[in-house]
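A short reminder: the numbers here are calculations on the coordinates, not readings from a lab. Please read all numbers here as calculations on a predicted model, not as lab measurements. Using ideal geometry, Cβ is built from the backbone for each residue, glycine included, and neighbour counts are taken over all protein chains shown.
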Amino acid sequence: MKKVLLINSSYRKKTTYGVLKRIEAEMTGRGFETEWLHLSEYELQPCRGCEVCIMRGTCVIKDSFSEVEKKLQEADGIVLSSPVYLRQVSGILKTMIDRTCSHYHRPILVGKPILSCVTTNASGAKETLRYLKDITIQWGAIPIGSVAVKLGGIEQSVLDKQIDRFCMILESPKELDQPSWKRVIDFQVQKVLALHVLRQDQPYWEKAGWDQRDYFYENQLSWLKKKIGNLFYQFLSGRMEKNQEKKDGGARES
Ligand SMILES: Cc1cc2nc3c(=O)[nH]c(=O)nc-3n(C[C@H](O)[C@H](O)[C@H](O)COP(=O)(O)O)c2cc1C
């Protein structure tokens, strides 16, 4: 049975929780298993900016983040929710997201469908959902839709439409997913970083076979997206190599 992780990033079990409960009822009704992750119940310290996770793959902070990360990894799909706080996600969710910085360089959530969900009194839903979509893409996951709930609530039919799509993709994500242009180009940037800049990531990318691909998986990638993505990769990696040569030359002269 496929498992969906419901992430609540409000300290309260109120509006956002209420929407998640509605989503949970739909998901279990359609035969999916659900698991809750109330971020406020975990000890999550803010990122200290040391960049050790980027360089060595491990975080220096000893708290509950590894449990959160395990839950993210074990889920087949994720509902990522937040109340809007001053036009952005809640602080606790931002803390969690900051702690996933290494996932951009060594992705562990590739191909997981993510449904974003925000609640607000009136403003900030669009900006917050855009941010969650960008983060989903950075993780190599699949942004399958978004739910914005304002004071007036949300109609069941609107919610159902998002859940229908989420369920469909959950069945066989990598076969059905059609990566957008943005995702294809973002992938190439990640690949250039791994193979030409932060070379410690190269073995990880090679082991996954991503160094040879035009997206993490290519089932639904059109010929044109492969071609343009590849040209972009050639261009950017060429620039990076030239910059490196200049730096090395400068270092030798000084
Ligand atoms: C610190 C804080 C900042 C907020 N900022 C906004 C905002 O920018 N725009 C808005 O319309 N509502 C804002 N709200 C209202 C919440 O987004 C809204 O009540 C949300 O649904 C609360 O979710 P919850 O009941 O799950 O905690 C804010 C609330 C708090 C506590």
Of the candidates 241, 218, the one satisfying the condition of being in a helix (DSSP H, G or I), acidic (Asp, Glu) and surrounded by fewer than 17 Cβ atoms within 10 Å (Cβ to Cβ) is 241
Any residue at all in the stretch 7-29 that is in contact (Cβ under 8 Å) with a residue 12 or more places away in the chain, outside any helix (DSSP H, G or I) and more than 23 Å from residue 94 (Cα to Cα)? no
Of (1) free of Cβ contacts under 8 Å to residues at least 24 places away in the same chain; (2) within 16 Å of the ligand (Cβ to nearest atom), residue 36 fails just (1)
Restricting to the stretch 92-107, give me the number of residues that are closer than 13 Å to residue 72 by Cβ and out of contact with any helix residue (DSSP H, G or I) (no Cβ under 8 Å at 6 or more places or on another chain). 0
Residues located in the stretch 1-29, provided they are surrounded by 13 or more Cβ atoms within 10 Å (Cβ to Cβ) and more than 14 Å from the ligand (Cβ to nearest atom): 2, 3, 4, 5, 24, 26, 27
Which condition number in (1) among the β-branched types (Val, Ile, Thr); (2) out of contact with any Phe, Trp or Tyr (no Cβ under 7 Å at 6 or more places or on another chain); (3) in contact (Cβ under 8 Å) with a residue 12 or more places away in the chain is the one that residue 185 fails? (2)
